[in-house]
């Protein structure tokens with residue numbers, strides 16, 4: 001049960017009450033891979049996970065394990081382990097008995113069960129709590145029991161449904177490292193559902209970004225981070241500034257766009273066109289906060305540069321004037337909110353600018369991405385790893 | 001801090017505060033109406049009744065001896081009366097057990113959504129609205145010697161002569177099940193919905209089939225609720241009265257304790273004996289309730305996570 005070559009989802013979909021909770025999911029997962037399903041609530045990622053687990057029946061498509069159809073099997077016969085968002089620990093059983101449950105269902109010998117349970121519990125560092133009831137444990141500890149319970153079976157696939165979302169921020173970071181460590185040492189194929197892009201980027205070998213039941217893009221963290229294929233994916237990957245615009249002209253891989261709603265109703269930026277664009281097209285421009293260079297507008301003191309951040313302010317992509325409205329302290333740098341027209345832009349600066357001061361934001365051309373407005377026409381990248 | 005002027009003030013404040021922390025504050029006055037009703041309509045009559053039991057009539061004392069405890073002597077020595085304990089128990093225990101056990105699979109199946117679920121649930125719960133008299137009437141009409149059931153079976157040829165389904169133990173048993181099942185079913189359904197569904201989902205992913213899920217996860221979490229439901233259904237069944245009369249054999253095999261008490265009260269005008277029988281009835285019920293509660297305390301009774 002624990003070794004397989006590939007898990008393939010073909011056209012997997014689930015239609016319920018006239019709505020496609022999930023549609024057209026094509027994905028091939030290799031053994032040992034860590035795949036993250038990323039998206040906001042309602043995007044279908046949990047539905048996909050529950051369909052994989054067998055807890056929800058498919059209305060379309062099939063799931064194949066090494067070529068064998070498994071979507072017709074009930075969950076108890078698929079041999080997948082699952083970690084639930086609410087942990088779902090059996091409240092009347094101790095930590096030990098919780099972890100032993102799956103092994104008992106498999107009919108493993110008692111001595112063997114004891115050994116493996118002990119190993120699993122020490123793997124998640126809960127040796128001192130083995131006899132406690134779940135009600136006596138903290139959230140993080142319960143989470144670790146849930147993980148131990150799933151991995152002790154050495155399942156062919158581990159499914160995790162937003163396991164960290166009920167934990168506080170610091171614990172989330174610690175547990176994230178734990179999960180990564182476990183994955184590296186056990187090598188179990190994992191499908192992980194989350195809405196937190198940082199989590200997905202740090203844990204996954206590949207990410208699947210979803211929206212309204214459909215896949216938007218599949219790729220490695222690097223691919224998604226550097227080359228998102230739509231503004232929706234870019235939004236998830238930290239391109240916090242998504243601005244509607246219209247194409248003025250295109251030349252090669254570059255496009256000049258005009259941004260309404262910025263100062264004086266028309267600022268022009270040059271950026272990299274993603275996909276085929278033509279003059280007059282409605283687009284969205286995506287820029288990361290850290291790619292914006294914030295420069296104060298006004299008198300320049302001789303010999304002192306007015307640039308306030310390290311971002312390159314050259315390459316003439318155009319400059320957006322605005323007023324500083326918010327400055328947040330983030331330790332080594334500041335998050336700056338710049339109001340321009342009726343849009344708020346987010347940027348970073350190493351020294352805090354004056355609130356209310358006039359500034360200009362610039363970004364290098366290759367850091368300004370121009371995407372078509374229309375999302376559904378986007379074809380995701382190649383699905384096989 | 002200057003002590004003399006402030007000390008009395010501090011003492012009063014802290015006393016009120018301390019009392020409030022123990023729950024003693026003006027809102028306690030809200031208990032008064034309830035207490036008054038409880039004392040007037042329960043505590044007083046009950047104590048009066050207990051008092052009655054030790055004031056036996058002269059006839060009773062003569063017949064049974066024992067002085068003030070003549071009623072109790074009569075109760076334990078008169079087989080006609082004493083056997084009513086066993087008779088009532090033989091009706092109430094099986095009825096309660098059946099109602100609880102039969103409700104489990106029905107409640108389990110009715111968890112899922114399906115067409116006609118609401119209709120089916122209403123049908124199952126409807127008998128609660130009928131009351132014992134209407135149920136008895138129905139039973140006599142349908143299950144009596146000339147009743148629909150017997151006539152149908154005779155027509156088909158399955159039986160040669162009519163089955164005795166009423167005016168005996170069976171009649172009362174049917175009545176207890178018809179009126180008790182909806183009650184047990186409603187209670188158990190609600191306990192069942194209090195179990196977090198993700199627990200079963202987790203058990204499924206760990207390889208448990210339906211029986212293993214039921215036995216290892218659902219049943220242990222349901223058990224305290226089953227115990228409570230059993231207690232309530234048992235008490236209801238043990239105090240059976242009209243059914244024993246209407247569809248039973250009141251002076252024969254279904255002479256339940258409440259009937260004995262009524263006989264003492266209504267026919268023999270012996271209030272103190274009636275009180276005695278009623279008291280003993282309560283005592284027997286109490287024994288069973290305490291025993292079941294004791295067993296229940298051994299089970300896991302913590303939160304089961306669901307909506308309840």
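Every read-out reported here was derived from the displayed coordinates using simple, explicitly stated rules and does not represent laboratory data. Note that this is a predicted model, so its numbers are computed, not measured. Reconstructed Cβ throughout: ideal geometry from the backbone, glycine too, with neighbour counts over all protein chains shown.
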In degrees, nearest 10, the alpha-carbon axis of helix A:110-123 is tilted away from the dominant principal axis of the alpha carbons of chain A by 20
As a test, work out the antiparallel percent of DSSP beta bridges whose residues both lie in the protein assembly as shown, rounded to the nearest 5. 75
If you bin every alpha carbon distance in chain A into 10 Å steps from zero, what whole percent lands in each bin? 5, 20, 25, 21, 15, 10, 4, 0, 0
If each DSSP helix of 4+ residues adds -39,500 (n - 2.57) and the sum is divided by the residues in chain A, what number results at 222 nm, nearest 500 deg cm²/dmol? -6500 deg cm²/dmol
Counting only DSSP beta bridges fully inside the stretch A:6-231, the antiparallel percentage to nearest 5 is 55
Just grab the label-to-label distance for residue B:284 and residue A:109, each label 7 Å out from Cα along the Cβ direction, in nm (one decimal). 5.5
Taking neighbour counts of Cβ atoms within 10 Å as a proxy for exposure, in what order, fewest first, do A:292, B:42 appear? B:42, A:292
In whole percent, what relative contact order does chain B give with Cα contacts below 8 Å and a gap of six or more residues? 24
Take every residue in peptide A:149-159, count the Cβ atoms of other chains within 10 Å of its Cβ, and give the average of those counts. 1
Calculated diffusion of the stretch B:236-291, Stokes-Einstein form, Kirkwood radius summed over Cα pairs, 20 °C and 1.002 mPa s, µm²/s: 185
Average beta carbon contacts from partner chains per residue of A:72-82, 10 Å cutoff: 4
Compute the angle between helix A:95-106 and the longest alpha-carbon principal axis of chain A, please, reported from 0 to 90 degrees and rounded to the nearest 10. 70
Taking only DSSP H segments of four or more residues, each worth -39500 (n - 2.57), what value at 222 nm results for chain B once the sum is divided by all its residues, to the nearest 500 deg cm²/dmol? -21500 deg cm²/dmol
Return the average number of partner chain Cβ atoms within 10 angstrom of each residue Cβ along peptide A:89-95. 6
Could you rank the peptides B:140-149, B:92-101, B:170-179, B:154-163 by their average count of other C-beta atoms within 10 Å per residue, with the highest value first? B:170-179, B:92-101, B:140-149, B:154-163
Sort the following peptides by mean Cβ neighbour count (other Cβ atoms within 10 Å, averaged over residues), highest first: A:7-20, A:145-158. A:145-158, A:7-20
Note down, for the protein assembly as shown, the three equivalent ellipsoid semi-axes (square root of 5 times each alpha carbon gyration tensor eigenvalue), biggest first, whole angstrom. 72, 35, 25
With the 8 Å Cα cutoff and a minimum separation of six or more residues, chain A has a relative contact order in percent of 16
Rounded to 10°, Cα long-axis angle of helix A:169-186 versus longest principal axis of chain A: 60
